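Remarks on the structure that follows.
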Amino acid sequence: MGIDTIATTSTDNMNTQTIFVSGATGFIAQHLILQLLAKGYKVVGSVRSIAKGENLQQNMNSKNFNYEIVEDLQKEGAFETALLKHPDVTVFIHTASPVTFDSDDVEKDLLFPAINGTKNVLAAIKNVSPQITRVVITSSIAAIMNPDHDPTIMVDESTWNPTTWELAKINGCFGYFASKKFAERAAWEFLESERPNFTLTTINPAFVFGPQAFDSEVTSKLNLSNAIISDLLKIKPGEPVPDKSDPSIDVRDVATAHIIAIEKIEAIGKRIILKNEDYSNQLILDAINKGVPELRGKIAIGTPGTKKPLNFFNDQKSRQLLGLNYTSLETSVIETVRQFIKYQK
Ligand code: NAP
């Protein structure tokens with residue numbers, strides 16, 4: 001995939017703004033940066049090391065992409081040096097946050113980096129970049145629903161995950177969900193208490209599937225959400241398929257939604273839910289067995305055609321605001337798997 005081949009939300013390539021994207025090496029951020037560059041924006045991305053920055057710059061292959069090193073997003077003032085070097089930045093998109101369910105120390109691994117990272121970003125913008133007027137934060141449906149949500153209760157853009165700090169410490173899954181809730185809460189509270197020069201929008205995606213932005217980024221262990229798909233490839237024919245389902249969305253739609261959030265005035269002050277079809281392990285296997293013929297007979301079949309619908313999200317307001325035709329779950333899954341089996345290292 002490259003800049004020439006990706007879809008954009010508009011045909012005009014006249015954007016002159018510079019956008020700062022934190023966590024530029026991330027699965028979602030790489031697609032976002034590609035789409036921003038394709039629309040003519042300049043992008044400065046923060047990464048944790050020179051090696052990661054050089055690799056990303058090579059992949060992006062654009063004079064409009066530059067990177068800055070922010071080694072530890074938790075360090076007070078972490079983003080100030082980077083922002084001071086770029087007085088042309090007018091929009092900040094904060095995607096960086098730990099994304100894992102694997103933790104024995106939830107406060108250290110998940111809660112503190114997510115919350116302090118968000119606070120540091122917002123404080124840095126207020127302190128040194130008054131020209132930044134728009135901030136978008138990649139939150140999650142994890143901030144909206146709790147991990148073992150009762151599917152008979154509807155949630156929407158006004159709902160908050162009720163997980164407490166104490167409950168969050170029980171395991172990495174609860175911890176991740178809570179990290180997104182507490183970090184997003186901290187952002188809205190910052191706006192309320194500090195009255196900065198910028199507006200805020202949050203993007204709250206479901207489980208994100210889809211190919212990596214660059215084939216060279218495919219590894220045997222994919223990012224947390226795509227690992228749901230790659231783990232299913234390890235189940236052999238005849239073996240039981242665990243019953244698991246959740247809401248999902250394609251990564252390219254998540255990237256596009258971030259751009260709509262910086263371009264549409266109506267997005268200001270909103271929490272935008274991004275979900276398309278609910279996935280289930282069975283639905284993913286059905287898509288793979290149908291769309292990736294070379295895997296037939298090598299992976300589980302399960303009970304094709306059965307699925308466990310969830311449908312506990314009312315995302316009408318977000319859908320109306322975005323006006324997107326979402327990529328189907330089947331397309332996301334097939335493209336993820338085709339890339340994975342061809343390029344995994
Ligand atoms: P990802 O590929 O793991 O990307 C995470 C990014 O954050 C990477 O750039 C990573 O840097 C950076 N990061 C993580 N911990 C950090 C730390 N302690 N200090 C500095 N940087 C740190 O995950 P992703 O799926 O693209 O997620 C991006 C954002 O979307 C996150 O905020 C996540 O919560 C949110 N989100 C993801 C999903 C999903 O299903 N994937 C769904 C909803 C919301 P390195 O590359 O150096 O590790």
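Which percentage, to the nearest 5, of the DSSP beta bridges contained in the chain is antiparallel?
Percentage antiparallel, nearest 5: 10.
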Using a/c under 1.5 as the rounded threshold, could you call segment 230-292 rounded, prolate or oblate? The axes a ≥ b ≥ c are square roots of the C-alpha gyration tensor eigenvalues, and prolate needs a/b larger than b/c, oblate otherwise. prolate
Length gained when the stretch Gln344-Thr331 is fully extended (0.36 nm per residue, less Cα-Cα span): 2.8 nm
Between the helical axis of 27-38 and the dominant principal axis of the chain, each derived from Cα atoms, what acute angle in degrees is found, rounded to the nearest 10? 60 degrees
Give a residue-ordered list of calculated ³J(HN,Hα) values for segment 142-152 (Karplus: 6.51 cos²θ - 1.76 cosθ + 1.60, θ = phi - 60°; whole Hz; x for Gly, Pro). 4, 7, 9, 10, 8, x, 10, 5, 6, x, 8
Please sort 203-213, 69-79 by packing, taking for each peptide the average over its residues of neighbouring beta carbons within 10 angstrom, highest first. 203-213, 69-79
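Expressed as a rounded percentage, what relative contact order does the chain have, with Cα pairs under 8 Å and six or more residues apart?
17 percent
Please report the net charge: other residues with Cβ closer than 15 Å to the Cβ of Met145, K and R +1, D and E -1.
After counting each charged neighbour, the total is -3.
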Tell me, Glu266, Glu277, Glu107 in order of fewest to most beta-carbon neighbours within 10 Å? Glu266, Glu107, Glu277
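Taking 0.36 nm per intervening residue step and subtracting the Cα-Cα distance, what contour gain separates Asn61 from Thr306 on full extension?
Taking 0.36 nm per residue and subtracting the Cα distance, the gain is 83.8 nm.
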Skipping prolines and chain starts, which residues have an amide H placed within reach, meaning under 5 Å, of the one on Thr219, given they are 5 or more residues away or on another chain? Lys345
Could you tell me how many degrees, from 0 to 90 and to the nearest 10, lie between the Cα long axis of helix 112-128 and the main elongation axis, the longest principal axis, of the Cα atoms of the chain? 30 degrees
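Arrange the following residues from fewest to most other Cβ atoms within 10 Å of their Cβ: Arg271, Arg185.
Fewest-to-most Cβ neighbours within 10 Å comes out as Arg185, Arg271.
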Please list 27-40, 163-176, 144-157 highest first by mean number of surrounding beta-carbon atoms within 10 Å per residue. 27-40, 163-176, 144-157
Tilt of helix 329-343 relative to the longest C-alpha principal axis of the chain, in degrees (0 to 90, nearest 10)? 90 degrees
Would you mind pulling out the separation of the Cα centroids of segment 167-210 and segment 81-129, in Å? 11 Å
Through the Karplus equation 6.51 cos²θ - 1.76 cosθ + 1.60, θ set to phi - 60°, convert the phi angles of segment 95-102 into ³J(HN,Hα) values in whole Hz; use x for Gly and Pro. 9, 5, 5, x, 10, 7, 9, 9
Please quote Rg/Rh for the chain to two decimal places, taking the Kirkwood radius as Rh and restricting both calculations to Cα atoms. 0.95
Taking K and R as +1 and D and E as -1, what net charge do the other residues with C-beta under 10 Å from the C-beta of Lys290 add up to? -1
Give the calculated FRET efficiency between Leu191 and Arg48 to the nearest 0.05, with a Förster radius of 35 Å applied to their Cβ-Cβ distance. 0.85
Label points 7 Å out from Cα along the Cβ direction at Ile153 and Asn127: separation in nm? 3.9 nm
List the residues whose amide H sits under 5 Å from the amide H of Ile93, counting only those 5 or more places along or on another chain, with H placed 1.01 Å from N in the peptide plane. Phe20, Val21, Ser22, Val136
Give the long-range amide H neighbours of Ile272: residues separated by 5 or more places, or on another chain, with amide H under 5 Å away, using H modelled in the peptide plane at 1.01 Å from N. Thr202, Ile203, Asn204
Once the in-chain neighbours fewer than 8 apart are removed, the lysines whose Cα is under 23 Å from Lys298 read Lys221, Lys234, Lys236, Lys244, Lys290, Lys307, Lys342, Lys345
Residue by residue through segment 242-257, the couplings from Karplus 6.51 cos²θ - 1.76 cosθ + 1.60 with θ = phi - 60°, in Hz, x for Gly and Pro, are x, 7, 8, 8, 6, x, 9, 7, 7, 4, 5, 5, 5, 4, 4, 4
So how do Ile50, Ile141 line up by other beta-carbon neighbours within 10 Å, fewest first? Ile50, Ile141
Given the rule -39500 (n - 2.57) for each run of at least 4 DSSP H residues, summed and divided by the residues of the chain, what is its mean residue ellipticity at 222 nm, to the nearest 500 deg cm²/dmol? -11000 deg cm²/dmol
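Every read-out reported here was derived from the displayed coordinates using simple, explicitly stated rules and does not represent laboratory data. Here the structure is a predicted model, which is why all the values come from computation and not from measurement. Glycine also receives a Cβ, built like all others from the backbone with ideal geometry; neighbour counts cover every protein chain displayed.
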